[in-house]
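Asker: Mind looking over this structure? Questions follow.
What follows is calculated from the coordinates using simple rules that are stated; it is not laboratory data. Model, not experiment: these values are computed from the prediction. Note that each Cβ is placed from the backbone with ideal geometry, even for glycine, and that neighbours are counted across all protein chains shown.
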Amino acid sequence: MPLSLIKSFTQPIPATIDQLSWLTGGWKGKHDDFWAEELWSHPHEGTILGSYRRHSEQKVVLMDIINITQHDQTIKYFFRRIEDPLKPTDHYIAPAMFTLCHIAENECTFVHDDETHPYWIHYKRENNILSGLTCDNLENLDFITKFHYEKYL
């Protein structure tokens, strides 16, 4: 999907948590210098639980704990990052909240709720491949991470 189109997704849209059931499972893939893995539960009582971990050289270097939740007519995506999972919990980063602003068959986009910090997360599933991108500041294209995972669970 072109970045210009993802950038146009800014308003919350009505949806149900079951529309994101295609995320379910375990996904992993290699990036430039690290491996990444995402695990997603089945939707249950308005929630999908997820986790993300990045590791290199047999060491986990960061983790995200994710909760996708039904809020009235829309979907919220909360994540909390743990910069160094082997250190005490004071290394947590404040939670971030995103809102679903685009959904299509096996595809969705979330935008960060803080308008002063534009940030998008985009997912797309094609068969047993989950791909997408995260982008921090689309105005300047400062930071884009593309991911490409294969299903293993």
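Asker: So which GluC sites (Glu not before Pro) in the stretch 6-112 pass both tests, a DSSP loop state and at most 15 other Cβ atoms within 10 Å of the Cβ?
Answerer: Glu45, Glu57, Glu83, Glu105
Asker: Still on this structure, please answer the following. Which of Lys28/Lys76; Lys59/Lys124; Lys30/Lys76; Lys28/Lys146 have a Cα-Cα distance over 25 Å?
Answerer: Lys59/Lys124; Lys30/Lys76
Asker: Another question about this same structure. Net charge near Ile68: determine it from the other residues with C-beta under 15 Å of the C-beta of Ile68, scoring Lys and Arg +1 and Asp and Glu -1.
Answerer: So the surrounding residues net to -4.
Asker: For a Förster distance of 25 Å, can you work out the FRET efficiency between the beta-carbons of Asn127 and His42, rounded to the nearest 0.05?
Answerer: That gives a FRET efficiency of 0.85.
Asker: While we're here: Could you give each residue of the stretch 96-103 its phi-based ³J(HN,Hα) in whole Hz, using Karplus coefficients 6.51, -1.76, 1.60 with θ = phi - 60°, and x for Gly or Pro?
Answerer: 10, 10, 10, 10, 5, 10, 7, 8
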